[in-house]
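The values are calculated or read from the model by the stated rules, or taken from the named source; none is laboratory data. Worth saying up front: this structure is predicted, and the values here are computed from it rather than measured. Neighbour counts run over all protein chains shown; Cβ positions are idealised from the backbone, glycine included. For accessibility, only protein heavy atoms count, side chains too; no ligands or nucleic acids. Shrake-Rupley method; radii C 1.70, N 1.55, O 1.52, S 1.80 Å.
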Amino acid sequence: MAEEVLIDPNGKSRGHLTSSLLAVAFLSSFGSSMLYGYNLAVVNSPAEYIKDFYNQTIVRRYGSGVDEEALTLMYSVTVSIFAIGGLLGSLTVGIQVTKFGRKGTLVHSTILVFIAGGLMGFSRLCGSPEMIIIGRFITGIHSGISLSVVPMYLGEIAPKSLRGFLGLMPSIFICLGVFIAQILGLHEILGKEEYWPLFLSLVVVPTFIQLMLLPWFPESPRYLLIEKRNIHATITALKWYRAKSNIQAEMEEIQEEQRSLSSVESVSVLQLFRDPSVRWQLVTVIVVNAGMQLSGIDAIWFYTNTIFENAGIAAHQIQYTTVGTGAIEVIAGLIGCFTIERVGRRPLMIGGFTFMGICCAGITFSLILQTHVAFMRYFSVACVVGIIAGFCIGPAGVPFLMTGELFKQSHRPAAYIVGGFLNWISNFTVGFVFPFLQMSAGAFCYLVFCGVCVGVAVYVYFIIPETKNKTFVEISQMFASRNGCEIENLPLAITDQLSLKKMNGYGTLAVDVDKTDKLDN
């Protein structure tokens, strides 16, 4: 397999980005994470066409149409049902990744996309608005699953020196999904009335490619060894994902994590909340995942068109301006992905949230003064761009990465359930509350988001240690003193007596007879 050796500034080799690692990161993000971004933006362009379809169907069924308020309510249900599906999907992650594995869960969940794509694609032909709403709900379930499972899978197959780089790839593809939906939604491409069913159902294309190729790649080595105790499959997986010289060290590191676990069984969400040894890790997951959505990024998207209109941009040009903001999302995500292993997680989180907070305050300032100072309307556009860039460079992806890094194998599925639940419920809360907040507080509503951003940045600065280039066991030890407990190394299980002996550059199993005899005595 082709591979790239990554060199740090001191000239030391710090990891290998093999073609297999890159392919799995691409396939899992392309066929799963990208769909989340695509489904967020896909309903914006054909909104009026979908409303017309709803009204025409009601007229055909009942003989008379409905008023604009009722159509808006139906369209709002169509949009928001996606978040409800995502919330439901996030709650099933723990059961699925334990039963099917990380890769297995991604493969099994593809059936949801094909069902949803079929429902939405044939909805106009069947004259059924219900098919669109159900399809959106099902795509939400798939996104709720993939938003947690893809970072978990990539975090477990990546070497510690590449965990940040691969962990941010899903967030890049989320931004890319939004950007692709904005491009395809232009009137010159699929933004015409006759194309909206095709536009909604295109989600099946990347999923089909993922389904054809991803099953050929191995499962997470950590899952295979720690949860399935299949050392032969673990070595086979490591041969795919690592350079030959790294297999022995990697096996020893996974076995070290296995020894540090009080149980290889996955804990439940209730057990996670009751476990004092992960108290601060759990608080961190709650803060960063809720803060990611409560930072106001969704509200910014809600108000973007109005801000652009106030800046004097012609109505027919706003769609192209929106595409420009999508391009900024992708560029900012790429910057974060390619710098995270150099600067670390903390600077991207602290810098991203702080910059977003400053820009939120800037929007309030500009909205108040733009009636008196003409150029302030352009300042508000710059603040919108700044919030989007600040979000995508760090806060958009690092919380998912951090959720996986802060916990060991037994606690990781439950942690992703908590993080995913908070992500979706916060998303839904902002979408529901923001219009009322805007009516009551006006321009000052963005100061609420400013406070959230600054608060999360302060929390990260004082509480969260840097996890760059650390093993999962080392990260747990970093939190041990704060949690008021020590990491205990339990007696070796029988699988831990297995060590690797180098043979032809790979590894072969060898039983440590001395250790086994001591246990027998």
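Accessible area of I133 (1.4 Å probe, protein heavy atoms only, ligands and nucleic acids ignored): about 40 Å². Using only Cα coordinates, the Kirkwood hydrodynamic radius of the chain works out to 24.2 Å. Once the C-beta distance of T321 and Y195 is scaled by a Förster radius of 25 Å, the resulting FRET efficiency is 0.70 to the nearest 0.05. Per residue, the accessible area of the chain comes to 41 Å², computed with a 1.4 Å probe over protein heavy atoms only. The 3J(HN,Hα) values that the Karplus relation (6.51, -1.76, 1.60; θ = phi - 60°) gives for the stretch 368-379 are, in residue order, 6, 9, 5, 6, 9, 10, 4, 6, 5, 5, 6, 5 Hz. Gly and Pro appear as x. Accessible surface for F375 stands near 130 Å², nearest 10, in the context of the full protein assembly shown (1.4 Å probe). Shown in residue order for the stretch 143-159 are the 3J(HN,Hα) couplings computed by the Karplus curve 6.51 cos²θ - 1.76 cosθ + 1.60 at θ = phi - 60°: 5, x, 6, 5, 4, 8, 6, 4, x, 5, 4, 5, x, 7, 8, 7, x Hz (x for Gly and Pro). Each peptide among 100-113, 135-148 gets the average number of other Cβ atoms lying within 10 Å of its residues, and from highest to lowest they stand as 135-148, 100-113. Site pair E48 and V458 shows an inter-label distance of 4.6 nm when each label is modelled 7 Å from Cα along Cα→Cβ. Here the chain has 65 percent of its accessible surface on carbon and sulfur atoms, given a 1.4 Å probe and all protein chains in place. Remark: the stretch 230-235, residue by residue, has Karplus-estimated 3J(HN,Hα) of 9, 6, 5, 5, 5, 5 Hz, where x stands for each Gly or Pro and the curve is 6.51 cos²θ - 1.76 cosθ + 1.60 at θ = phi - 60°. In summary, the convex hull built on the alpha carbon positions of the stretch 21-140 has an orientation-averaged projected area of 8.3 nm². Distances between placed amide hydrogens fall under 5 Å for T18 paired with E4, all partners being 5 or more residues away or on another chain.
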